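Here's the structure, in structure tokens; my notes come after.
Values quoted throughout were computed directly from the atomic coordinates according to the rules given, and no laboratory measurement underlies them. Model, not experiment: these values are computed from the prediction. Virtual Cβ from ideal backbone geometry, glycine too; neighbours counted across all protein chains shown.
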Amino acid sequence: MHRHKKEMAKPSAQPAKPRRARSRKGTADPDSAHRRRFNALGPDRKANLLDPAEAEFATRGFEGASLNRILEKAGFSKGQAYYYVKDKAELYSLVLARAFARVGAAIGPLPPVENPDDYWADIGRLFRRLSAVLGRGTRLGKLVRAIYPASPAANAALEPLLARFYDRLQDHVRLGQSIGAIRADLPPDFLAAGALGFLARIDRWFAVNKPRLTELEALRLNDAVTQMCRAMASTRRDPQPPTNERDKCEGTSDSRPRQGDMP
């Protein structure tokens, strides 16, 4: 019995191998064997798979898209497809990654700026270029609008792209803080998180409503988004001091009804 206990207590001769972190179910792993094999494909072979997949997702959304229909148009057997992508969610992630890269290349980076007015003017121009790139009738626009409503699997496929967008947004916030265009009393990641939530809801609104907007209305609303972002993120202003001496002392306004007040 004692001998058995000693043997059980012996340290292992071989150190335990570190366990590889597993990606969340449905989330594409950029270091997976599937992704490495896909990345090794030539540009034409990648396009053979991604082009019909993009058209299918843009037309039917993630849930309505048929992998069989995609593979038939791509000229891939299921065995070939599963050698390069794990499942439909990973294929969707690849399609979105290529689409977002095209959008980024089309709208370009923010140019160097030195003052708050130039910074916000460039943000406004960026929103306008984005609206043009994702305009009605474009495949990229249809693909982005097809994101909504999103299923859990589609959200998981979007997660890595949103993480990269969040990092880029923080860089824009830091740039704005460095020139006084954005308030510096709050952390950049906090401000970026708030901006991401706001922009995600606005993007969803545009995805649903843009087909019925004229180009002029879409541009006007894009300018309104810029103004709202600036109002939320601009350098903090101290509140105006109370003008009523009683309010100054008590910190509250007189709650008694005055002439003309509703009872």
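Tabulated values for the structure
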| read-out | value |
| --- | --- |
| Computed lengthening from TYR83 to ASP117, 0.36 nm per intervening residue step minus Cα-Cα distance | 7.1 nm |
| Residue order, fewest to most surrounding Cβ atoms within 10 angstrom, among LEU41, LEU110 | LEU41, LEU110 |
| Difference of contour (0.36 nm per residue) and Cα-Cα distance, ASN48 to ARG212 | 55.7 nm |
| Residue-by-residue Karplus 3J(HN,Hα) for the range 91-102, coefficients 6.51, -1.76, 1.60, Hz, glycine and proline x | 4, 4, 4, 5, 4, 5, 4, 5, 5, 5, 5, 5 |
| Calculated from backbone phi, Karplus (6.51, -1.76, 1.60) coupling profile of the range 53-60 in Hz, x at Gly/Pro | 5, 4, 5, 5, 5, 5, 7, 10 |
| In order through the range 74-89: 3J(HN,Hα) via Karplus (6.51 cos²θ - 1.76 cosθ + 1.60), integer Hz, x for Gly, Pro | 7, x, 10, 7, 5, x, 5, 4, 6, 6, 9, 10, 6, 6, 5, 5 |
| Prolate/oblate/rounded label for the range 24-171 (Cα gyration tensor, a/c 1.5) | prolate |
| Footprinting exposure proxy for TRP205, TRP120 (fewest neighbouring C-beta atoms within 10 Å first) | TRP205, TRP120 |
| Area projected by the alpha carbon convex hull of the range 33-99, averaged over all directions, nm² | 3.9 |
| Label-point separation in nm, ARG129 to ARG36, each point 7 Å along Cα→Cβ | 3.6 |
| Label-point separation in nm, SER151 to ALA106, each point 7 Å along Cα→Cβ | 2.6 |
| Cα-Cα over 22 Å, subset of LYS46/LYS78; LYS78/LYS142; LYS73/LYS210; LYS46/LYS210; LYS86/LYS142; LYS88/LYS210 | LYS78/LYS142; LYS73/LYS210; LYS46/LYS210; LYS86/LYS142; LYS88/LYS210 |
| Cα gyration tensor category, rounded, prolate or oblate, for the range 109-233 with a/c compared to 1.5 | oblate |
